[in-house]
1. I14 - would you say it is β-branched (V, I, T), open to solvent by 100 Å² or more (accessible area, probe 1.4 Å) and modelled with pLDDT of 95 or more?
2. Does segment 1-18 contain at least one residue that is of a type in the set (A, V, I, L, M, F, W, C) and outside any helix (DSSP H, G or I)?
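The values are calculated or read from the model by the stated rules, or taken from the named source; none is laboratory data. Values in this document were obtained by computation on a predicted structure and should not be read as measured data. Side chains are part of the model used for accessible areas, which takes the heavy atoms of the whole protein and leaves out ligands, DNA and RNA. Shrake-Rupley method; radii C 1.70, N 1.55, O 1.52, S 1.80 Å.
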Amino acid sequence: MLDILPIIYTVSSILSIILAITAIWFSLSVERRLKQNFMNLKNLIELQHQMTEDLMNNMSNESGNIQSVVQQTQAEIHETLQDMQENCKMSSSKKGK
């Protein structure tokens with residue numbers, strides 16, 4: 001019976017070492033996957049940020065274009081209204097003569 005105890009201790013020690021190595025290997029594997037997922041998420045966030053900045057710049061440019069077109073159209077409408085008003089005054093003065 002005493003001869004069996006050292007064998008049992010040795011076998012259980014070897015199994016403990018194998019389990020510890022397996023646990024360490026598994027945790028390293030999980031850590032590697034988590035790090036890769038984090039890097040993928042970071043890259044995705046940076047891409048989204050860049051795309052958002054590009055969109056904001058495009059919106060700014062477009063709003064400037066729209067503003068200039070609106071101002072040009074307002075000027076044309078104002079000019080047209082002034083021409084119409086002058087034509088109406090000429091017509092009124094011709095009728096009065």
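1. Details: β-branched (V, I, T): yes; open to solvent by 100 Å² or more (accessible area, probe 1.4 Å): no; modelled with pLDDT of 95 or more: yes.
When the stated conditions are applied, I14 does not pass them.
2. Going residue by residue through segment 1-18, those that are of a type in the set (A, V, I, L, M, F, W, C) are 1-2, 4-5, 7-8, 11, 14-15, 17-18.
Filter once more, so that each one left must be outside any helix (DSSP H, G or I): 1-2.
Yes, segment 1-18 has at least one match.
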